[in-house]
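The values are calculated or read from the model by the stated rules, or taken from the named source; none is laboratory data. Fair warning: this is a prediction, and the values are worked out from it, not measured in the lab. Because the Cβ atoms are built from the backbone with ideal geometry, glycine has one as well, and the counts that use them run over all protein chains shown.
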Amino acid sequence: MSDQINTAAQPLLQLRQINKNFPGVKALQQAQLSLYAGEVHALLGENGAGKSTLVKVMTGVLQKDGGELLLGSKALSFATPKDAQQVGISTVYQEVNLLPNLSVAHNLFLGSEPKRFGLIDKKAMAHQARQLLSTFGLDINVTAPLSEFSVAVQQLVAIARGVAPKRGAACTKVLVLDEPTASLDADEVQTLFQVLRQLKQQGVAIVFITHFLDQVYQISDRITVMRNGCFVGEYHTASLNKAELIAAMLGKELCQQRHQTPCLVVEQSESILTARQLSSGQSVQQLDLDLPAGQAVGLAGLLGSGRTEICRLLFGLDQADGGTLSFAGKAIKLSNPAQAIALGIALCPEDRKTQGMIAALSIRENISLALQAKQGWWRVLSKKKQQQLADFYIEKLQIATPDAEKPIGQLSGGNQQKVILARWLAVEPQLLLLDEPTRGIDIGAHAEILQLIRQLCQQGMSLLVTSSELEELTAFSSKIVVMRDRKKVAELSGEDLNSDRIMAAIAGASV
Amino acid sequence: GFAQVGSESGWRTSFSESVKAEAKKRGIELKFSDAQQKQENQIKAVRSFIAQGVDAIIIAPVVETGWTPVLREAKRARIPVVIVDRNVQVHDESLFVTRIASDFVEEGRKAATWLMSQPQAQQQCNIIELQGTVGATAAIDRAKGFNEVLAKHPQAKIVRSQTAEFTRAKGKEVMESLLKAEQGGKGICALWAHNDEMALGAIQAIKEAGLKPGKELLVVSVDAVPDYFKAMADGDANATVELNPHLGGPAFDVIEGYLKGKKDTEKLIRTTGDLFLQDTAAAEYEKRRLN
Amino acid sequence: MTSEATVLNSTPEQLKAARQARYSPGQSAHQFSLYLYPLLALALLLLVNLLLDPQFFSLQWQDGRLYGPLIDIVNRSAPVALLAIGMSLVIATGGIDLSVGAVMAICGAVCANLLLLGDWSIPAVIGLAVLTGLACGLVNGLMVSYLGIQPIVATLVLMVAGRGVAQLLNQGQIVTFQNPDFAALGSGSFLGLPVPVWLVLLALLIMQLLLRRTALGLFIEAVGCNAKASRYLGIDDRGIKLTVYLLAGGCAALAGIIATADIQGSDANNAGLWLELDAILAVVIGGAALTGGRFSLPRAVIGVLIIQALSTTIVVSGLPAKFNLLIKALVILLVLMLQSELFRHQLKSLFSFGKLRGGKV
Amino acid sequence: MSRTYLPLWITFTLVLLMFGAGASQFEGFASLRVVTNLISDNAFLLVTALGMTLVILSGGIDLSVGSVIALSGVAAALLIGPYQWHPLLAFALILPCAALFGAGMGALIQYYQLQPFIVTLAGMFLARGVATLLSEESVAIEHPFYDAVAEFGLELPDGGWLGATSLLTIALVLLMLVLTHYSRFGSYVYALGGNSQSAQLMGVPVARTTILLYAASSMLAAMAGIIFSFYTYSGYALSAVGVELDAIAAVVIGGTLLTGGSGFIIGTVLGVLLMGLIQTYINFDGSLSSWWSKIVIGGLLFFFIALQKLLSQQWRRKAGGQA
Ligand SMILES: Nc1ncnc2c1ncn2[C@@H]1O[C@H](COP(=O)(O)OP(=O)(O)OP(=O)(O)O)[C@@H](O)[C@H]1O
Ligand SMILES: Nc1ncnc2c1ncn2[C@@H]1O[C@H](COP(=O)(O)OP(=O)(O)OP(=O)(O)O)[C@@H](O)[C@H]1O
Ligand SMILES: [Mg+2]
Ligand SMILES: [Mg+2]
């Protein structure tokens, strides 16, 4: 693999001795990165290591405080992202940074719309959009506003925009992907890799950030590891094994604890929540579901299979229009989240940016808010109590922050996710619905979270966990419900509980 | 159709009411429109009167300028127009039947003349002026008239002049500050306010500053609203120039005459009210309160 | 081509040390500068006044109360300060309330008419006026939170219609009354300070307790910052929105009472006219974002003081009235710019550049 | 019926409803004259609202428009009157100056990260302050050019008359329609309203767009001021007070979201027509006292907004059920 890259040649893009400070944080200290044409370069590190910041410095979103950026042998500096795009650096940022109010097609081509007589040709634009998306196996209504689609679809659209040919700019030389696969399924990931390989052939240098090490080994040629804002090392993928890589990232070895026993399996434990023939408009159809008390149940399925919808329904965000639902032995009807929370049901939503974070508030406030809301506005959690909660979870989940007063909006993506998760763990509900809880969380914290989930189960909490990562699901679930096309197609438990069986059930439709 | 300015003051409301009452008395069907102090609304109103085909239009204009196009339109539709209260500036006098206008400049003159005739004003006399809304015709013209007379009396001088936007609350607030800026009002001989409301507010401020309005400090203004008569009767204020709100009668007279064929009305009928002083105030207050 | 900068396996102590070297805690909250610049602007304005009138800072004891230009500024700020307190909350939820001026007028009209009827005790009159204000707030709140109408139009409706209602109550006249007890609410004094000032302090205290000693303030900020996420948290975002408009209505009622008591009459057309803009301005000068989120009542009150000090300065300055708006515009821009970090930076570099040159010469 | 255009159709229906109500009650209401009056009476408001739509679409707001109308009117009147300029020359000076003024506000908003509401509020004070400085008194305009323009127009049956200013307004509407919905600048405006940070990351020239946007709004307001001067043959520093609120209300009634990113030019046109109709209705009625007319205006406004809201919710629910 490694001899594909002509290491003697000059790097296409080089970042040297980059420094970047935020108030209270030295985000980058002497960070560096060199990119060659035609390689996939994985940029790895813990949450808060500074990966996204490096990317932002490289693409003109942030201005560096020190160091230099060389394109070929020319020192450059970009004042705006547009400048970077002009010289052929195309970027997909970590959070989906698109415009929810515009149509999918418009999002894809904003700034380089096809024109006729000097005016935007909407028909041609829609046509081109459909073509572009079909390379990603996506067949959606491109004239609908982007906000109507799930995070995963939005993520795909963002990627498609990243690889789309740009008008009026140099052709793409560098493609930067900041955690593009965080909310994608195995299938989409493969399609994405297909596209990346094609681009690589064309000589595009690709920066690829992820927390999935398997994907690193699948696609990347070289790896740069960062820790605490510093450069740790640059390696050929082929010559670095997984344990070494983890050690480089965390600065220590991680004792592998995966594939332990799931939550203590009390066979025939009573079910805390029972749904019978539950439906809601088009989104969930005739669902029968039993969630046993004190156990974790996994929810698997492809993109758009209706997993998120089930969670929304059980949390009172959508109203059921048929069927029955009972919780802790009593029949219930939910019409808003507050009711669900009062009963002891909590949902950690999938889209942290719009449904989770309260960006301007501090970590402390974000963590204690749900508990506070449950208690009611007049019984205030003392600041000391809030502080304790925050400190506990900052320590426990290794949230990278100077202190608990930092606004959550200024954290790195993975750390934001940890805060949101901490918020719901702090409530200690009877039933916790987690929709993609580990999106963008690094492997160190990942292990910690699985541990925590297991602990909670032991204390009697029930969980329903949605995840696109099957390994993770099998790690703690006592039962896995498989969804396809908004219907439950299988329920696996005991012996059947392994990735292969789940895959088979998910794929069932095409067989 | 009657296009009124709005209802920004008690005076204005009495004016509207008197026109309505007059119309009722004469059995005229009156379309009333309130422009909320905006000329554009007034023009719209006049144009919709034209569209409805009313027999005559009375306009109490917000400002003097800007009436040419719409008056032309009325003329084209052969609807006679009478301008009341404020003046209008148009080149072509045939656009309207007549103007029944108050003369703001004259009001200012009257107020000043009275003030200058007072014994206190014979020596050095420092005056505080509370202006109306910046840019309002009434404010500009009253100040003009007042200053005209003042120019002939070198011993008198306006030392402070600030707008209080024709309102009582502002009158009080501005007066409060001005008095402090003038060493607590020492050496001020008179207050000249562009309307009674401001004067009434200012009177309160003067009292709170520990001075005696009407005695240590003469108060003169324009409008003659009932509350001001009360203040005069109590000795807190000295004089006001009446602004006659009963313009409805003459306007209907002209219109009725015009519709009967009398086309040679004078183009300008001036109405300036009288100056009222403390002596008649109590009686006037009783009379006006009942109205 | 493989290079390594740091040792792979480090001890936990080393790891911790590396982290600590990167983070310096305590920097996240800089409350200090949030207060610094509004206060600085206020101080500057007062200084200008002192230059215009050397006796500006003088205070006298007269008729059992303090008396002087400074007291005037504080006293005159009272109605807008009350409005700004309510407006802060509304703005914190990302809304805006244009109707507060009209609500002032309505409540003033209610007071004046009740007093004219005679047989109403002062507390009853105040109580009814406040109820009226709350009712107006309720109307706004229902429109915004339950009908989902955009705040600016929802409150515009009451801004237009409310003044009509007030005039209807007064039949277009200025209703005056003689009631020294009620008038004392506007122009009386207590322990040396004007009653309106006490009212504002009281309102500020109660609100501050209500908002900061309970979680209400936090909920308001959460809703303003991200209403959807708040709903997912179990916060009743509609209820919160309704509450802030109610509170704003109540504050406007108090402001209306003060304004009415002050001139011993209710002027339906002019009471509170355009004061909503002053209140919004004050809240923003106090550093709040109109998109919602963090709020601070004390800072909003400082904003009000700045605006009032400015109007006093204009009156005292003796410049012709036609310059008023121009001066106001320029000062506001300056105050706003002072709060912009970039501008401060530019000022600083300009200053140091001057110093550098001065050093060379 | 497509869901994106639903609010437009509902507003359109409401406009027809209002017109129907007027026509059934008052004689002379259902005439072409009333319709053309509606356009010419509200021409300046409409032109202002067009600029306002652009600004609101971007997530901003422009409170200075009313004052800019007054300022440009006064400036035009002074240049044409005392200074004896030809009107066209005067306009050629005023429009770029207004654009510069708007660009200044845009630059403050963009570079110093100040809030549009406040910057434009200061702009409002500033423009009116300058206008009063130029002339406290209203200045009449007398010029053959004005008379010539007043004569120019389209004669329609039934007393209808589309004057030069109405035609200009219609042309401006069409221009803005194309600019907003079919030009790259228009997409950038929507992008800013959607999420300015994302827009920045997607390579939208945020600074340039913001500045252009406010420049356009001020320039349109100045244009409205000129139209207003044709309407009144004068310039007056106190004219057009509160027009900014009317314009905002019209834009919002037209279905544009104040948070930005969603709305249509046609919606604004309908919003202006609806507000104009309410006023015409009240003028035709003519029996309301000052205060009752305010209450009725507020009430009708509320009625229509609430109806619009309920209808679109109802529709959406039904559509959701069927899909
Ligand atoms: N706008 C900001 N203001 C203050 N601090 C910031 C800001 N953006 C990032 N930081 C800080 O800089 C550090 C690096 O963040 P960065 O987003 O680069 O991490 P990351 O490596 O991308 O992590 P993740 O894997 O979680 O995405 C973090 O400690 C974060 O809190
Ligand atoms: N491949 C797709 N094609 C068309 N629409 C899709 C697709 N994927 C998702 N959607 C849209 O996204 C909506 C959300 O689906 P939902 O979030 O329930 O799926 P999910 O099973 O949670 O999957 P994920 O969270 O991985 O997106 C669906 O209602 C659908 O309209
Ligand atoms: Mg990141
Ligand atoms: Mg999902």
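Just one of C:174, C:126 is within 9 Å of another protein chain (Cβ to nearest Cβ) and within 30 Å of residue B:289 (Cα to Cα); which is it? Give the derivation first.
Values: C:126 fails: within 9 Å of another protein chain (Cβ to nearest Cβ).
Residue meeting the stated conditions: C:174.
Could you please find all residues in region D:246-292 being more than 14 Å from chain B (Cβ to nearest Cβ) and either among the polar types (S, T, N, Q) or in a loop (DSSP other than H, G, I, E, B) (or both)?
D:254, D:255, D:256, D:257, D:258, D:259, D:260, D:261, D:262, D:263, D:264, D:268
If you check every pair at least six apart or on different chains, which have Cβ atoms under 6 Å apart with a residue in region A:50-79 that is closer than 19 Å to residue A:208 by Cα first and a residue that is β-branched (Val, Ile, Thr) and surrounded by fewer than 23 Cβ atoms within 10 Å (Cβ to Cβ) second?
Note: pairs meeting the criteria are A:60/A:80.
Scan region B:164-180 for residues that are more than 18 Å from the chain's Cα centre (by Cα) and either in a loop (DSSP other than H, G, I, E, B) or facing chain C (nearest Cβ under 7 Å) (or both) and report the count.
Residues flagged as more than 18 Å from the chain's Cα centre (by Cα) and either in a loop (DSSP other than H, G, I, E, B) or facing chain C (nearest Cβ under 7 Å) (or both) within region B:164-180 amount to 8.
Across region A:138-153, which residue is farthest from ligand 3 (Cβ to nearest atom) among those that are within 11 Å of chain D (Cβ to nearest Cβ) and modelled with pLDDT under 90?
Step one: of region A:138-153, the residues within 11 Å of chain D (Cβ to nearest Cβ) are A:143-148.
Next, from what is left, pick out any that are modelled with pLDDT under 90: A:147-148.
Numbers: A:147: 23, A:148: 26 Å.
Ranking the candidates gives A:148 first.
I'd like the residue in region A:171-188 that is among the hydrophobic types (A, V, I, L, M, F, W, C) and at pLDDT 90 or above and, out of all such residues, is farthest from ligand 4 (Cβ to nearest atom). Let's see the steps before the verdict.
Taking region A:171-188 and keeping what is among the hydrophobic types (A, V, I, L, M, F, W, C), we get A:171, A:174-177, A:182, A:184, A:186.
Subset that is at pLDDT 90 or above: A:174-177.
Values: A:174: 31, A:175: 26, A:176: 25, A:177: 21 Å.
So the residue we want is A:174.
Please state which one of A:53, A:91 is more than 16 Å from ligand 2 (Cβ to nearest atom), part of a helix (DSSP H, G or I) and among the hydroxyl-bearing types (Ser, Thr, Tyr).
Details: A:91 fails: part of a helix (DSSP H, G or I).
Only one candidate qualifies: A:53.
Going by the conditions given, is residue D:299 within 9 Å of chain C (Cβ to nearest Cβ) and either modelled with pLDDT of 90 or more or surrounded by fewer than 20 Cβ atoms within 10 Å (Cβ to Cβ) (or both)? So that I can check it myself, show each step before the final result.
Details: within 9 Å of chain C (Cβ to nearest Cβ): yes; either modelled with pLDDT of 90 or more or surrounded by fewer than 20 Cβ atoms within 10 Å (Cβ to Cβ) (or both): yes.
So residue D:299 passes the test.
Here is a list: C:332, C:302. Which entry is at the interface with chain D (Cβ under 9 Å from one of its Cβ atoms) and either in contact (Cβ under 8 Å) with a residue 24 or more places away in the chain or within 18 Å of the chain's Cα centre (by Cα) (or both)? Quick ask: steps written out before the conclusion?
Numbers: C:302 fails: at the interface with chain D (Cβ under 9 Å from one of its Cβ atoms).
After applying the criteria, what remains is C:332.
With B:287, B:262 as the choices, which residue is part of a loop (DSSP other than H, G, I, E, B) and surrounded by fewer than 18 Cβ atoms within 10 Å (Cβ to Cβ)? Give the derivation first.
Details: B:287 fails: part of a loop (DSSP other than H, G, I, E, B).
Answer to the check: B:262.
Could you pull out the residue among A:20, A:64, A:26 that is within 16 Å of ligand 3 (Cβ to nearest atom) and closer than 20 Å to residue A:231 by Cβ? Before you say what the answer is, go through the steps one by one.
Details: A:64 fails: within 16 Å of ligand 3 (Cβ to nearest atom); A:26 fails: within 16 Å of ligand 3 (Cβ to nearest atom).
None of the others qualify; the one that does is A:20.
Residues checked against (1) within 16 Å of ligand 1 (Cβ to nearest atom); (2) β-branched (Val, Ile, Thr):
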position	(1), (2)
A:80	no, yes
A:87	no, yes
A:91	yes, yes
A:94	yes, no
A:102	no, no
A:106	no, no
A:112	no, no
A:127	no, no
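Just give me the residues in region D:139-162 being facing another protein chain (nearest Cβ under 8 Å) and under 23 Å from the mean Cα position of the chain (by Cα), in sequence order.
D:150
Being away from ligand 3 (no atom under 16 Å from the Cβ), buried (at least 24 other Cβ atoms within 10 Å of the Cβ) and of a type in the set (S, T, N, Q): is that true of residue A:101 here?
Details: away from ligand 3 (no atom under 16 Å from the Cβ): yes; buried (at least 24 other Cβ atoms within 10 Å of the Cβ): no; of a type in the set (S, T, N, Q): yes.
Here the answer is no, as residue A:101 does not meet what is asked.
Collect the residues in region A:280-310 that are outside any strand (DSSP E or B), over 22 Å from residue A:270 (Cβ atoms) and within 16 Å of ligand 4 (Cβ to nearest atom), keeping them in residue-number order.
Initial filter on region A:280-310 (outside any strand (DSSP E or B)): A:281-283, A:293-295, A:302-310.
Next, only the ones that are over 22 Å from residue A:270 (Cβ atoms) stay: A:281-283, A:302-309.
Result: A:282, A:283, A:302, A:303, A:304, A:305, A:306, A:307, A:308, A:309.
For region D:76-93, give me each residue that is touching a strand residue (DSSP E or B) at 6+ places or on another chain (Cβ under 7 Å) and assigned to a helix (DSSP H, G or I).
In the first step, residues of region D:76-93 are kept if they are touching a strand residue (DSSP E or B) at 6+ places or on another chain (Cβ under 7 Å); the result is D:76-78, D:81.
Hits for region D:76-93 are D:76, D:77, D:78.
Out of (1) over 21 Å from residue D:199 (Cα atoms); (2) over 20 Å from the mean Cα position of the chain (by Cα), the odd one out for residue A:126 is which?
Unmet for residue A:126, out of (1) over 21 Å from residue D:199 (Cα atoms); (2) over 20 Å from the mean Cα position of the chain (by Cα): (1).
Determine whether region B:255-267 contains at least one residue that is touching a Phe, Trp or Tyr at 6+ places or on another chain (Cβ under 8 Å) and closer than 23 Å to residue B:8 by Cα.
Looking through region B:255-267, none of the residues is touching a Phe, Trp or Tyr at 6+ places or on another chain (Cβ under 8 Å) and closer than 23 Å to residue B:8 by Cα.
Mind telling me which of the residues A:477, A:499 ends up being more than 16 Å from ligand 4 (Cβ to nearest atom), surrounded by fewer than 16 Cβ atoms within 10 Å (Cβ to Cβ), away from every other protein chain (no Cβ under 14 Å) and among the hydroxyl-bearing types (Ser, Thr, Tyr)?
Values: A:477 fails: surrounded by fewer than 16 Cβ atoms within 10 Å (Cβ to Cβ).
On inspection, the qualifying residue turns out to be A:499.
Looking only at region A:408-422, count every residue that is part of a helix (DSSP H, G or I), near ligand 1 (Cβ under 6 Å from one of its atoms) and closer than 13 Å to residue A:46 by Cβ and tell me the total. So that I can check it myself, show each step before the final result.
Within region A:408-422, the subset part of a helix (DSSP H, G or I) is A:408-410, A:413-422.
Of the ones still in play, those that are also near ligand 1 (Cβ under 6 Å from one of its atoms) are A:410, A:413-415.
Then drop every residue that is not closer than 13 Å to residue A:46 by Cβ, which leaves A:413-415.
Total meeting the criteria: 3.
Could you tell me whether any residue of region D:19-41 is within 17 Å of the chain's Cα centre (by Cα), in a loop (DSSP other than H, G, I, E, B) and either touching a residue at least 24 places away in the same chain (Cβ under 8 Å) or surrounded by fewer than 16 Cβ atoms within 10 Å (Cβ to Cβ) (or both)?
Within region D:19-41 (the criterion being within 17 Å of the chain's Cα centre (by Cα), in a loop (DSSP other than H, G, I, E, B) and either touching a residue at least 24 places away in the same chain (Cβ under 8 Å) or surrounded by fewer than 16 Cβ atoms within 10 Å (Cβ to Cβ) (or both)), the answer is no, since none of the residues qualifies.
From (1) surrounded by fewer than 23 Cβ atoms within 10 Å (Cβ to Cβ); (2) outside any helix (DSSP H, G or I); (3) within 14 Å of chain D (Cβ to nearest Cβ), pick out the condition that doesn't hold for residue A:70.
Of everything listed in (1) surrounded by fewer than 23 Cβ atoms within 10 Å (Cβ to Cβ); (2) outside any helix (DSSP H, G or I); (3) within 14 Å of chain D (Cβ to nearest Cβ), residue A:70 misses just condition (3).
Among the residues of region B:114-125, what is the count of those that are in a helix (DSSP H, G or I) and surrounded by fewer than 24 Cβ atoms within 10 Å (Cβ to Cβ)? If you could, list the steps in order and put the result at the bottom.
The initial filter retains those residues of region B:114-125 that are in a helix (DSSP H, G or I), namely B:114-116, B:119-121.
From the residues that got through so far, the ones that are surrounded by fewer than 24 Cβ atoms within 10 Å (Cβ to Cβ) too are B:114, B:116, B:119-121.
Residues that pass the stated criteria total 5.
Among the residues of region A:429-444, which ones are touching a strand residue (DSSP E or B) at 6+ places or on another chain (Cβ under 9 Å) and more than 16 Å from ligand 2 (Cβ to nearest atom)?
A:429, A:430, A:431, A:432, A:442
If you scan region A:166-219, which residues turn out to be within 14 Å of chain D (Cβ to nearest Cβ) and more than 16 Å from ligand 3 (Cβ to nearest atom)?
Once the filter is applied, which keeps residues that are within 14 Å of chain D (Cβ to nearest Cβ) and more than 16 Å from ligand 3 (Cβ to nearest atom), region A:166-219 yields A:166, A:167, A:168, A:169, A:170, A:172.
If I filter region A:32-48 down to residues being over 15 Å from residue A:207 (Cα atoms) and more than 10 Å from chain C (Cβ to nearest Cβ), which single residue comes out as farthest from ligand 3 (Cβ to nearest atom)? If you could, list the steps in order and put the result at the bottom.
Here is the first cut: in region A:32-48, the residues over 15 Å from residue A:207 (Cα atoms) are A:46-48.
This time we only want the ones that are more than 10 Å from chain C (Cβ to nearest Cβ), so: A:46-47.
On the way: A:46: 10, A:47: 7 Å.
Ranking the candidates gives A:46 first.
I'm checking my understanding of the structure. Among residues of region A:117-139 that are surrounded by fewer than 17 Cβ atoms within 10 Å (Cβ to Cβ) and not in a helix (DSSP H, G or I), which one is nearest to ligand 2 (Cβ to nearest atom)?
For region A:117-139, the residue satisfying everything is A:139.
Output the strands (runs of 3 or more DSSP E) that fall wholly within region B:1-113 and possess 2 or more residues being within 13 Å of chain D (Cβ to nearest Cβ), or say none. Spell out how you get there, then give the answer.
Numbers: elements: B:2-4, B:32-34, B:57-59, B:81-85, B:98-102.
In region B:1-113, the matching strands (runs of 3 or more DSSP E) lie at B:2-4, B:32-34, B:57-59.
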